[in-house]
Amino acid sequence: RLENTIAQNGVGGGTAAEWVGGMAAHLRNVFIERDRDDLPLEDAVRHIRRWAAWLNDMGLDIAVEDFQLRDGRLTASKVPSMLFLGAAERWGIDALRTNQIERITWTWSISEGSVLLRSDSAGPQSWPSHTLKEWDHAFMLRHGGIAHAGGGWECQLPLLEAG
């Protein structure tokens, strides 16, 4: 998709470099962050927002609805971010693969003890069942869950104390 988007007539070198750089930035963040199990919640949200912006550059229509942090304690809290990053990455790749044209909305919800990332899209329908089982096990190991309901996907993980 990146190659086809760049190859389109009228795409200048600066724009092409920006798109390639955006993908490189996403991969760099994923590789850097994978060495740390948990990230501050704000960092995880920023990474998801950056990934959605890049997907929009590639022709998707993704809106990210952020949450309002209620107090500083939640701002400093951490989440098992690689699972959120991985889920959003898979959702985006599947949407690119299927050339989804409908708007996708990713919504963050936060409660005292957990964080939920919801995608209203049909999601990774093309994933083999063993892949879904692996993701489900990964979320359960971190005391969370992943679910497909009502035409969308939900990923929920615990909100961890900072420190």
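Readers should treat all values here as calculations from the given coordinates under stated rules, not as data from a laboratory. As the structure is a computational prediction, the values presented were derived from the model and not from experiment. Glycine also receives a Cβ, built like all others from the backbone with ideal geometry; neighbour counts cover every protein chain displayed.
Tabulated data for the structure shown
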| item | result |
| --- | --- |
| Difference of contour (0.36 nm per residue) and Cα-Cα distance, A63 to E112 | 15.2 nm |
| Pairwise label distance in nanometres, H148 with D136, each label 7 Å out on the Cα-Cβ vector | 1.0 nm |
| Modelled FRET efficiency - R0 30 Å, N99 with A162, Cβ distances, 0.05 increments | 0.15 |
